[in-house]
Amino acid sequence: MGISLLGSLLAAEAVLRVLRLGYNNAPLNPSASRHHEHPAHYRFSAYSLQNEWEGFSIRTDRYGNRSLDGLCRFPPSGPSDHLVVLGDSFIEGFQVRNQDSITGQLQQAFCGGGTKVHNLGVSSYSPVLSDIQLREFLQQHPQGPALLQGGTVLHVLYDNDHVGDQGYADQLGLNDAGELVVSAEDELTPLVRLARSSYLARLLRRAQLTASELNRQPNGSKPFAAANPGGPPPPCRLDPKMLEASAAALGRIRDRVAASGGRYVLSAIPTDPRKGPTVVACYRQLAEQLGVPFIPVSEPLLRQPQAFYFTHDIHLNPAGNRRVADQLLHGLSTGQ
């Protein structure tokens, strides 16, 4: 009996591996320096608990960043310059295929010019963590800070970044080299550790999470009500103190990029207006105070949220990713 069960489990694991069905939606590991990060060299099959997307594979590279390999072929000499994109889950883009993501669209557009796009988006990142992440990426990359010389760092914020920064700023400390870090207090649970190596464990975890989601949302629940057509984002009404941690972190990134000979550009994605208000105007105001170019992308998203956001999930659907990428591409090409 025990041998038969073991054989069945091994067979199921083998089949899932052959089919590359290692389900996951946002794999994260604790980090000693930036609170949390993607596992490196990791492949998974993306899915939504609300069945809004499924059926495509995502890989991370040796740095734990989403890999865009396959979207552009560079000459043997390598890319001519680099576009590094910072942000949270909206840049991470695990809800859409590589070619449909914001960074994937940018990579395809810039391929002919020899520009390599690096997707440094991580769920729940805000400027405090992105500052540390950029520093570590440049420390680990073979080209070091020279990677940014003549290139661009595009930083796409989201409405809740200032809230995240207030919490992360309180956790800032120094490592042995005197560098700012935010160390995670938690460790991977045994179940998550198992899921990092077992496709069968990931399938069982998916079943558990799906069952919990079905119990949380009663059958027949109505989707979010459609929003009224919106205009431009409302003016910033946040207390300036709520933006201090973000302003400090953005200033550090600006200075790091400038010291490396690169260009730093900001943008911000608004909250789906069917789900809450936006503070994008506050981030544009911060950009002006810091002397950093800002590329606006909000107005079409606010006017037609049903066309650009998923119904249940907060993120942009493929059309929304393409719309934002088009606006970013225009802003970058015109020197904003």
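The table for this structure:
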{"item": "Angle in degrees between helix 127-140 and the longest Cα principal axis of the chain, rounded to the nearest 10", "result": "80"}
{"item": "Least to most buried among 118, 330 (fewest other Cβ within 10 Å first)", "result": "330, 118"}
{"item": "Whether the stretch 43-181 is rounded, prolate or oblate, judged on the alpha carbon gyration tensor where a/c under 1.5 counts as rounded", "result": "oblate"}
{"item": "Rule-of-thumb Rg ratio for the chain [Cα; 2.2 N^0.38 Å; N residues]", "result": "1.02"}
{"item": "Residue exposure sequence - 72, 236 - by fewest surrounding Cβ within 10 Å", "result": "236, 72"}
{"item": "Compactness of the stretch 238-336 - radius of gyration and Dmax, Cα, Å", "result": "14.7, 42"}
{"item": "The stretch 138-190: C-alpha gyration tensor shape, a/c 1.5 cut-off, then a/b vs b/c", "result": "oblate"}
{"item": "Burial ordering of 187, 92, fewest other beta-carbon atoms within 10 Å first", "result": "187, 92"}
{"item": "Over the chain, relative contact order from alpha-carbon pairs under 8 Å, at least 6 apart, %", "result": "19"}
{"item": "Prolate/oblate/rounded call for the stretch 18-60, Cα gyration tensor, a/c under 1.5 rounded", "result": "oblate"}
{"item": "Dmax and Rg, reported as Rg then Dmax, of the stretch 5-99 (C-alpha, Å)", "result": "16.1, 55"}
{"item": "Residue among 304, 140, 107 with the largest mean-square fluctuation in a Gaussian network model of the chain, springs linking Cα atoms under 10 Å", "result": "140"}
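Rule-based calculations on the coordinates, nothing more; no lab input. Bear in mind that the values here come from a model prediction, so they are computed numbers and not experimental data. In this analysis, Cβ positions are derived from the backbone assuming ideal geometry, glycine residues included, and neighbour counts consider all displayed protein chains.
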